[in-house]
Amino acid sequence: MVIAFVTVQTEGGGKEKEVLEEIRKTKGVQEAFIVYGAYDIIAKVVAESEDELRIIVSKGIRKIKAVNSTGTMIVVES
């Protein structure tokens, strides 16, 4: 099992809530929150493998309209 935290930057204009709703519907996303700071959203993603994680991020989260960029931090030790 792979756990990762994915940071998301969205387009301006108050798109955060729309993006958050879509991220929460994405397979593998356990939790997601709007945050203040360098990023707009942070999501906890759990996948069976790093390949599955890559698919969730690249074909799921990154494809959501109004997502400008993502960053993925894979948990090394929990």
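The values are calculated or read from the model by the stated rules, or taken from the named source; none is laboratory data. As the structure is a computational prediction, the values presented were derived from the model and not from experiment. Glycine gets a Cβ as well: all are built from the backbone with ideal geometry, and neighbour counts include every protein chain shown.
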Give the residues of the range 12-57 that are touching a strand residue (DSSP E or B) at 6+ places or on another chain (Cβ under 7 Å), touching a residue at least 24 places away in the same chain (Cβ under 8 Å), acidic (Asp, Glu) and loosely packed, with under 14 Cβ neighbours inside 10 Å, sorted by residue number.
GLU50
Looking at the structure I just gave you, is ILE61 surrounded by fewer than 16 Cβ atoms within 10 Å (Cβ to Cβ), part of a helix (DSSP H, G or I), of a type in the set (A, V, I, L, M, F, W, C) and at pLDDT 95 or above?
no
If I ask for residues that are assigned to a loop (DSSP other than H, G, I, E, B), over 24 Å from GLU77 (Cα atoms) and among the basic types (Lys, Arg), which ones from the range 1-42 would you list?
LYS15, LYS25
Can you find a residue that is surrounded by fewer than 18 Cβ atoms within 10 Å (Cβ to Cβ), of a type in the set (Asp, Glu), at pLDDT 95 or above and not in a strand (DSSP E or B) anywhere in the range 71-78?
no
